[in-house]
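The values are calculated or read from the model by the stated rules, or taken from the named source; none is laboratory data. This is a predicted model, so every value here is computed, not measured. Cβ coordinates were reconstructed from backbone atoms using ideal geometry, including for glycine residues, and neighbour counts include every protein chain displayed. Note: accessible area is taken over every heavy atom of the protein model, side chains too, but ligands, DNA and RNA are not part of it. Shrake-Rupley method; radii C 1.70, N 1.55, O 1.52, S 1.80 Å.
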There are 2 protein chains.
Amino acid sequence: MLDVVTRTEAEKIIEENFGRYTLPAETAELSAAAGRVLMQDIVSREDLPAFNRSTVDGYALIAADTFGCSESIPAMLSFAGAVEMGKHFCGEIKSGQCVYVPTGGEVPEPCDAVVMIEYAQNYNDGLRYIEKAAAPGENIIFKCDEAVIGQTIVKEGTLITSKITGTLAALGYDRVKVRHRPVVGVISTGDELVKITEVPAPGQIRDVNSFSLSAAIEECGALSRSYGIIKDDFKALETAVAAACDECDIVIVSGGSSVGEKDFTAEILQKKAGSPLLFHGVSLKPGKPTICADASGKALFGLPGHPLAAFFICEILIKPLILKLSGIQKNPVVRDAVLSSAIPSNHGREEIVPVKLNGGIAEPIFTKSSLITVLAKADGYIFVPRDKEGMSAGDKTEVYLFAEEK
Amino acid sequence: MLDVVTRTEAEKIIEENFGRYTLPAETAELSAAAGRVLMQDIVSREDLPAFNRSTVDGYALIAADTFGCSESIPAMLSFAGAVEMGKHFCGEIKSGQCVYVPTGGEVPEPCDAVVMIEYAQNYNDGLRYIEKAAAPGENIIFKCDEAVIGQTIVKEGTLITSKITGTLAALGYDRVKVRHRPVVGVISTGDELVKITEVPAPGQIRDVNSFSLSAAIEECGALSRSYGIIKDDFKALETAVAAACDECDIVIVSGGSSVGEKDFTAEILQKKAGSPLLFHGVSLKPGKPTICADASGKALFGLPGHPLAAFFICEILIKPLILKLSGIQKNPVVRDAVLSSAIPSNHGREEIVPVKLNGGIAEPIFTKSSLITVLAKADGYIFVPRDKEGMSAGDKTEVYLFAEEK
């Protein structure tokens with residue numbers, strides 16, 4: 001019999017034992033840094049912008065020169081030239097003068113406002129007739145508005161998404177220090193497993209878990225490394241686990257996690273860890289024969305071979321750890337819902353039931369634990385508490401949604 | 001002056017003109033198919049499973065042989081051998097017999113139930129003493145429970161996520177037909193632009209948009225192709241647009257979209273389209289000088305050079321088109337919130353205001369339209385309606401959240 005922990009206990013054990021596992025930094029090109037977590041503060045190495053910049057096409061001028069002007073009494077300013085895009089304006093501007101500036105162009109000192117071109121008349125007499133008073137600062141981004149030299153603009157630990165990329169580009173960071181992605185090894189074990197390209201003979205089954213676990217791992221931004229199918233052979237599985245443990249940050253073995261004759265996973269993971277298993281068995285249906293061991297700080301998991309059970313245990317217990325190691329703070333997306341129909345039984349274990357979500361109605365999809373195809377119909381899943389005799393139609397519940405995109 | 005449309009009008013024009021642009025199919029390896037959209041129905045090519053399978057370690061038997069048995073009056077069944085994992089059991093089973101089956105092993109005919117090993121005693125007398133009655137079907141996945149030959153299990157148009165990957169693997173689909181990702185060309189134009197590795201001289205600015213637009217494009221699963229920085233030169237920009245139009249499904253030019261002296265974008269896009277612009281100007285702040293043209297079904301966009309404006313127009317008008325072409329149904333994530341402080345003004349245009357979201361409180365981040373660094377502080381943005389004189393503290397609003405991960 002297994003020494004079983006609850007889901008909450010399992011979560012706590014995983015968090016306490018592996019939550020402080022640290023991944024090194026590496027350098028990423030900015031163009032390939034999306035989805036990565038910064039391992040440096042982004043500090044401005046200059047004043048940005050380095051000059052006062054116009055946000056419109058118009059005339060740079062001294063705001064005070066326009067006070068009180070209007071369409072009927074325009075302010076007459078002498079035209080002192082035009083600023084070219086990307087070039088510094090070398091002339092000197094005095095009160096009573098104005099300079100044409102394109103959007104994004106430099107506003108020369110001592111100008112402190114820009115009047116949009118549509119509010120200035122040009123009668124080709126060397127003057128511009130300004131028909132609207134400007135407030136000081138109008139239509140100008142001032143020097144240092146973005147950043148002052150030495151200022152921290154983005155903090156270490158920030159996840160780089162498109163909204164951050166622009167800031168990094170603006171500050172001239174074409175390469176950034178990011179956290180290494182966790183590498184998760186995936187081993188499928190079982191004499192009954194065949195490659196997915198094969199048609200299973202009687203008694204055989206395709207190796208679903210190598211694919212669904214790898215997809216789940218990559219969905220949370222980590223790297224998966226598949227070790228293929230290992231037969232129910234102690235030595236072969238031990239060798240694969242040792243290799244995976246060397247090369248990966250987390251190792252998942254699916255299959256052989258129960259207590260049958262050829263179930264070597266627990267023994268091998270314990271041997272590799274060199275210490276007792278952290279748990280063997282989680283009070284969850286499906287997913288009971290789940291194993292966790294600590295190999296010098298690396299998490300080793302044994303999951304049931306049943307594809308649906310393996311998928312859910314990865315989703316519920318392993319994905320949060322992967323995100324934690326990655327430095328990504330992301331909570332499960334949960335929706336309140338009402339059950340459309342009763343869920344009978346349960347078996348003294350907390351039960352995971354896939355559901356379809358229609359508006360606020362959760363429709364349970366009843367299934368046996370190794371039917372993987374039900375996932376294609378489900379939007380998420382609910383937990384039926386272990387201390388309840390099932391649930392009734394109309395009961396309130398929380399639906400954990402599956403990630404809908406990469 | 002620009003001929004301006006509202007945001008809703010712009011959305012409608014884009015949807016009507018480009019919503020039916022079709023992308024071809026290509027073949028993807030299952031291990032690299034996550035995030036792609038299926039362009040074929042996934043039909044089962046066999047019965048799955050092809051045999052009755054046990055979900056536990058136990059004894060396969062004929063349920064009727066156990067009816068009425070209990071711990072005190074066990075059913076005594078003759079032990080007829082053991083099923084090996086992955087192998088077909090060749091013996092014949094009759095009423096009164098039982099066979100050991102490991103989890104996942106074949107349940108031989110005519111057995112219709114499996115009793116878990118803990119409910120069977122073995123006194124080494126050639127019998128097994130079954131202490132718990134089994135219901136027909138108990139602990140068995142029957143042949144065809146997953147799929148019947150010819151059955152459609154996943155429909156064309158489905159986005160492949162980890163929950164789908166397992167089903168495709170189970171059905172033996174190691175390669176699938178998926179929709180080509182849209183390729184989006186990104187051109188930055190402006191004499192003031194320098195590479196992000198350079199320190200801008202007075203009047204210059206780094207080419208932020210090549211990076212932030214590419215990141216935004218890839219965040220929704222499309223491919224970006226950067227054409228670098230093009231100077232404000234009609235011929236050079238025309239050549240770049242022509243190349244991008246040949247090689248991409250959507251083309252974005254940022255910069256030169258206004259009506260200044262060197263703003264060639266509108267003219268070039270119109271020339272390339274060979275027909276009037278669909279719009280030139282959207283009543284949005286920031287983002288007014290936005291251009292849209294139709295080049296034989298391909299969308300050409302001209303965006304303001306201001307990084308924040310370009311980012312928002314991409315987010316609001318272009319991302320939905322990219323997702324549509326990709327075949328991905330994904331609505332913006334919107335949260336109800338209450339404004340923490342008043343937003344003064346507006347200018348007869350709908351206004352986009354970046355906000356920080358604290359619980360249900362949206363805190364506006366006030367900024368000038370070309371400050372890109374505010375995005376790093378924002379969780380999302382709100383729209384201030386054009387027909388309102390700003391908004392008041394305590395007003396209800398909807399916050400559009402930024403994508404937080406790749």
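Take the conditions at pLDDT 95 or above, farther than 30 Å from residue B:161 by Cα, more than 8 Å from every other protein chain (Cβ to nearest Cβ) and open to solvent by 20 Å² or more (accessible area, probe 1.4 Å) and apply them to residue B:264. Does it pass?
no
How many residues does region A:116-163 hold that are touching a residue at least 60 places away in the same chain (Cβ under 8 Å) and under 30 Å from residue A:35 (Cα atoms)?
Residues flagged as touching a residue at least 60 places away in the same chain (Cβ under 8 Å) and under 30 Å from residue A:35 (Cα atoms) within region A:116-163 amount to 19.
Of the conditions (1) open to solvent by less than 20 Å² (accessible area, probe 1.4 Å); (2) more than 9 Å from every other protein chain (Cβ to nearest Cβ), residue B:76 clears all except one; give me its number.
Unmet condition: (1).
With the requirement that a residue be at pLDDT 95 or above, part of a strand (DSSP E or B) and either buried (at least 16 other Cβ atoms within 10 Å of the Cβ) or of a type in the set (D, E, K, R) (or both), what does region A:28-53 give you?
A:28, A:29, A:37, A:38, A:42
Could you give every pair whose Cβ atoms fall below 6 Å, whose first residue belongs to region B:372-383 and is open to solvent by 10 Å² or more (accessible area, probe 1.4 Å), and whose second residue is among the hydrophobic types (A, V, I, L, M, F, W, C) and part of a loop (DSSP other than H, G, I, E, B), counting only separations of at least 6 or pairs across chains?
Here the result reads B:377/B:365, each pair linking region B:372-383 to a residue that is among the hydrophobic types (A, V, I, L, M, F, W, C) and part of a loop (DSSP other than H, G, I, E, B).
Out of (1) touching a helix residue (DSSP H, G or I) at 6+ places or on another chain (Cβ under 6 Å); (2) over 21 Å from residue A:190 (Cβ atoms), what's the single condition that is false for residue B:151?
(1)
Condition test on residue A:164, is it within 7 Å of chain B (Cβ to nearest Cβ) and open to solvent by less than 10 Å² (accessible area, probe 1.4 Å)?
Taking the combined requirement at face value, the residue satisfies it.
Which numbered condition in (1) open to solvent by 60 Å² or more (accessible area, probe 1.4 Å); (2) more than 14 Å from chain B (Cβ to nearest Cβ); (3) modelled with pLDDT of 95 or more is the only one that residue A:130 fails?
All conditions pass for residue A:130, except number (1).
Determine, yes or no, whether residue B:8 is surrounded by fewer than 16 Cβ atoms within 10 Å (Cβ to Cβ), free of Cβ contacts under 8 Å to residues at least 24 places away in the same chain and under 31 Å from the mean Cα position of the chain (by Cα).
Judged against the criteria, residue B:8 is a match.
Among the residues of region B:203-217, is there at least one that is among the acidic types (Asp, Glu) and within 20 Å of residue A:49 (Cβ to Cβ)?
yes
Kindly provide the set of residues from region A:211-242 that are of a type in the set (Gly, Ala, Ser) and free of Cβ contacts under 8 Å to residues at least 40 places away in the same chain, ordered by number.
Taking region A:211-242 and keeping what is of a type in the set (Gly, Ala, Ser), we get A:212, A:214-216, A:221-222, A:224, A:226, A:228, A:236, A:240, A:242.
A:214, A:215, A:236, A:242 - these are the residues of region A:211-242 that are of a type in the set (Gly, Ala, Ser) and free of Cβ contacts under 8 Å to residues at least 40 places away in the same chain.
With region B:179-254 as the region, which strands (runs of 3 or more DSSP E) entirely inside it contain at least 3 residues that are in contact with a strand residue (DSSP E or B) (Cβ under 9 Å, 6 or more places away or on another chain), crowded, with 20+ Cβ neighbours inside 10 Å and within 14 Å of chain A (Cβ to nearest Cβ)?
Details: elements: B:183-189, B:223-230, B:250-254.
Output list reads B:183-189, B:223-230.
If residue A:58 meets every condition in (1) open to solvent by 20 Å² or more (accessible area, probe 1.4 Å); (2) over 30 Å from residue A:155 (Cβ atoms) apart from one, which number is that one?
Result: residue A:58 passes all but (1).
With the requirement that a residue be assigned to a helix (DSSP H, G or I), open to solvent by less than 20 Å² (accessible area, probe 1.4 Å) and closer than 15 Å to residue B:285 by Cβ, what does region B:308-348 give you?
If the condition is that a residue be assigned to a helix (DSSP H, G or I), open to solvent by less than 20 Å² (accessible area, probe 1.4 Å) and closer than 15 Å to residue B:285 by Cβ, then B:308, B:309, B:310, B:311, B:312, B:313, B:316, B:317 are the ones that fit.
Output the qualifying pairs, or none if there are none: Cβ atoms under 6 angstrom, residues six or more apart or on different chains, first residue in region A:18-40 and under 14 Å from residue A:325 (Cβ atoms) and more than 14 Å from chain B (Cβ to nearest Cβ), second residue open to solvent by 20 Å² or more (accessible area, probe 1.4 Å) and in a helix (DSSP H, G or I).
A:19/A:324
Find all pairs meeting these conditions: Cβ atoms under 6 angstrom apart; at least six residues apart or on different chains; first residue within region A:392-404 and in contact (Cβ under 8 Å) with a residue 12 or more places away in the chain; second residue among the hydroxyl-bearing types (Ser, Thr, Tyr) and assigned to a strand (DSSP E or B).
A:400/A:381
Show the residue pairs that are 6+ apart or on different chains and have beta-carbon atoms under 9 Å apart, the first residue being within region A:43-68 and more than 9 Å from chain B (Cβ to nearest Cβ), the second being part of a loop (DSSP other than H, G, I, E, B) and of a type in the set (Lys, Arg).
So the pair list comes out as A:47/A:143; A:52/A:143; A:62/A:94; A:66/A:132.
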